[in-house]
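Every read-out reported here was derived from the displayed coordinates using simple, explicitly stated rules and does not represent laboratory data. For clarity, every value in this text was computed on a predicted model and none was experimentally measured. Cβ coordinates were reconstructed from backbone atoms using ideal geometry, including for glycine residues, and neighbour counts include every protein chain displayed.
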Amino acid sequence: MSDETTAAGSPLVHPETASPVFRYGPWTWAEPRDGEHFRRCSFCGCVRPDDLAAEPAWRAEWADRKYGWPHKFYVDIPNRNPEALFVTSSSWGSTARALPGEVPWDELTDEQRAIYDRNHRPSPDGRHPVSVGFGPRPNHFGKFYTIHLSDPALDPAVKDDIERRSGLRFTFADGRVGWGPVG
Ligand SMILES: [Zn+2]
C-alpha cells in the first residue's frame, strides 16, 4: 500500500475531524481488519469507495433519510474466506443463559480467544461473557455514507460506478447536496 492510505482525508467529507479539538485527528482510510478485506473510513466506518467499486456483486439498501437526503446505504459484501470463523453470539451473566453450541469462556482455544479479542476491546474491569458462539459469515456488513462521494480525491469513474449501481447520482457544490435517479 502507498502512503495514500494513511494520508489525512479531505476536510470536505468530515469537517468535524479537521477541528483542532477533535482528539483523533483527521479521518483516514483504515486498513482492513476484523477478517474483512476492504478498507473503511476511520471516522464513520464507510467502506472505501474504490474497494466497494472493485466488488463484483452488491446491492444498495438505502437507509432512512435521517438528514433529509439519502445519506447512507447498507451493503452486504461477500466474505472472500467463507470458512473463517467469527463470533456469532455471546452469553453473559450465568452459564444457564448460554446458547446451545456456545463454548464456555474457560474452554476457549487460543484460536477462539484470538477471534473474540479481534472484535472486542478488553473490558477495563476484566468482564467477559460466560460463553461464546462461533460460525462462518457469508457476508460482511458494510455501510456507505454518500458524503464520501464528495471527496475531491475520489476517482470520477469510481463515483460513477457507485452511483450507477446504487441508483442515485449526487452533486456537491457550495455546501449543498443534490441527488437524483441515475438517468
Ligand atoms: Zn467517513
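What residue among I115, V182, W27 has its Cα farthest toward the positive end of the dipole of the chain, where the charges are +1 on Lys, Arg and -1 on Asp, Glu, each on the Cβ? Going by the charge dipole, the pick is V182.
All other residues whose Cβ lies under 15 angstrom from that of T109 are scored, Lys and Arg at +1 and Asp and Glu at -1, for a net of -4.
Remark: the stretch 16-31, residue by residue, has Karplus-estimated 3J(HN,Hα) of 4, 7, 8, 5, x, 8, 7, 5, 8, x, x, 5, 9, 8, 7, 5 Hz, where x stands for each Gly or Pro and the curve is 6.51 cos²θ - 1.76 cosθ + 1.60 at θ = phi - 60°. Under the combined filter of DSSP loop state and at most 15 neighbouring Cβ atoms within 10 Å, the stretch 18-105 retains these chymotrypsin sites (Phe, Trp or Tyr not before Pro): F22, Y24, Y67, W92.
Could you work out the relative contact order of the chain? I mean the mean sequence separation of Cα pairs under 8 Å and 6+ apart, divided by the number of residues, in percent.
Working: 273 pairs, mean separation 40.2, N = 183.
The value is 22 percent.
Quick one: dipole size for the stretch 85-183, taken about the Cα centre, charges +1 on Lys/Arg Cβ and -1 on Asp/Glu Cβ, in debye to the nearest 20. Could the numbers behind the result be given before it?
On the way: 12 positive and 13 negative charges, 75 e Å.
Here the stretch 85-183 has a charge dipole of around 360 debye.
Got the relative contact order for the stretch 86-135 handy, in percent, Cα pairs under 8 Å and 6 or more residues apart? Taking the mean separation of contacting Cα pairs over the length of the stretch 86-135, I get 64 percent.
Per DSSP H run of at least 4 residues, take -39500 (n - 2.57); add these up for the chain, divide by its residues and hand me the 222 nm value, nearest 500 deg cm²/dmol.
Values: 3 runs with 26 residues, N = 183.
About -4000 deg cm²/dmol.
Taking the average, over residues, of other Cβ atoms within 10 Å as the packing measure, peptides 108-116, 93-101, 146-154 rank 146-154, 108-116, 93-101 from highest down.
Starting from the exponent 0.38 and prefactor 2.2 Å, build the expected Rg for the stretch 46-183 from its residue count and divide its actual Cα Rg by it.
Values: Rg = 20.1 Å, N = 138, 2.2 N^0.38 = 14.3 Å.
Taking the Cα Rg and dividing by 2.2 N^0.38 Å, one obtains 1.40.
Reducing the stretch 1-80 and the stretch 146-183 to their Cα centroids gives an inter-centroid distance of 14 Å. For the chain, set up a GNM with springs between Cα atoms under 10 Å and report which of V47, V103, V158 has the largest fluctuation. With Cα springs under 10 Å in the chain, the top fluctuation among V47, V103, V158 is at V103. Once both axes come from the Cα atoms, what is the angle between helix 110-119 and the longest principal axis of the chain, in degrees from 0 to 90, rounded to 10? For helix 110-119, the angle is close to 40 degrees. Think of the stretch 41-183 as having a plus end and a minus end, set by charges on the Cβ of Lys, Arg, Asp and Glu; of P136, A63, T88, A63 sits farthest toward the positive end of this dipole.
Across the options L52, P100, H37, the greatest Cα extent toward the positive end of the charge dipole of the stretch 1-131 (unit charges at beta carbon of Lys, Arg, Asp, Glu) belongs to L52. Enter the angle in degrees (range 0 to 90, nearest 10) between the Cα long axis of helix 156-166 and the first principal axis of the Cα atoms of the chain, meaning the one along which they spread out most. For helix 156-166, the angle is close to 60 degrees.
Where nothing but the Cβ of Lys and Arg (+1) and of Asp and Glu (-1) is charged, how large is the charge dipole of the chain around its Cα centre, in debye to the nearest 20? Could the numbers behind the result be given before it?
Values: 22 positive and 26 negative charges, 130 e Å.
Dipole magnitude for the chain comes out near 620 debye.
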